[in-house]
Amino acid sequence: MTTSETERRRRYRRQTVRVLVEYLSDAGVSCDTAITLGAGGMFIQTDAPLPIDSMIKLSFQLPGGSLLHEFEGRVVWANRPSRGASGALGMGIGWSDPRASQRLANEIEHLVGIEDAPA
């Protein structure tokens, strides 16, 4: 991962989630679970990560949300099955559209505010 990609990844607040994500790539349609989500992208847990730089179209809905988010993204890194691999298997996705990522950031902040509010 290049320095600029690392800086970009850390620029956005990330939220731990369990969100079902449907995505379309050259390999076909898949459905897996995202376990982290932020304005810069998401991590999709999968035993079969796509190759780095694969372009994909994703759709998902945030917990408690009514809006269906549809994004285009790119696989920026992957944690593949291998001897001694640590962490969840899957792939890091970076969003392609900065305007759409800003709308998502606003919704994530609202979601975090709801979760942090006293019951």
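The values are calculated or read from the model by the stated rules, or taken from the named source; none is laboratory data. No experiment lies behind these values; they were computed from the predicted model shown. Note: ideal-geometry Cβ built from the backbone for every residue, glycine included; neighbour counts use all protein chains shown.
One table, with the values for the structure above:
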quantity	calculated
Near pairs, Cβ below 6 angstrom, 6+ apart or cross-chain, from segment 64-80 (at pLDDT 95 or above and of a type in the set (Val, Ile, Thr)) to any residue that is assigned to a strand (DSSP E or B) and surrounded by 14 or more Cβ atoms within 10 Å (Cβ to Cβ)	Val75/Met91; Val76/Gly92; Val76/Gly94
Flag if Ile52 is surrounded by 13 or more Cβ atoms within 10 Å (Cβ to Cβ), of a type in the set (A, V, I, L, M, F, W, C), over 15 Å from Tyr23 (Cβ atoms) and modelled with pLDDT of 85 or more	yes
Evaluation of Glu107 against (1) out of contact with any Ser or Thr (no Cβ under 9 Å at 6 or more places or on another chain); (2) modelled with pLDDT of 80 or more (one fails), failing number	(2)
Complete set of residues in segment 81-95 that are farther than 16 Å from Gln15 by Cβ and at pLDDT below 90	Pro81, Ser82, Arg83, Gly84, Ala85, Ser86, Gly87
Counted residues, segment 50-78 - those being farther than 21 Å from Ala105 by Cβ and assigned to a loop (DSSP other than H, G, I, E, B)	5
Segment 30-49, residues that are assigned to a strand (DSSP E or B) and either under 12 Å from Leu20 (Cα atoms) or over 9 Å from the mean Cα position of the chain (by Cα) (or both)	Ser30, Cys31, Asp32, Thr33, Ala34, Ile35, Thr36, Leu37, Met42, Phe43, Ile44, Gln45
Which numbered condition Trp77 misses (of (1) in contact with a strand residue (DSSP E or B) (Cβ under 6 Å, 6 or more places away or on another chain); (2) surrounded by fewer than 18 Cβ atoms within 10 Å (Cβ to Cβ); (3) under 19 Å from Asp97 (Cβ atoms))	(3)
Residues of segment 41-95 satisfying the condition of being touching a Leu at 6+ places or on another chain (Cβ under 6 Å) and at positive phi	none
Residue that is surrounded by the most Cβ atoms within 10 Å (Cβ to Cβ), among those in segment 29-43 that are within 13 Å of Pro63 (Cα to Cα) and touching a residue at least 24 places away in the same chain (Cβ under 8 Å)	Leu37
Extreme residue, surrounded by the fewest Cβ atoms within 10 Å (Cβ to Cβ), among residues of segment 80-103 that are out of contact with any helix residue (DSSP H, G or I) (no Cβ under 6 Å at 6 or more places or on another chain) and part of a strand (DSSP E or B)	Gly94
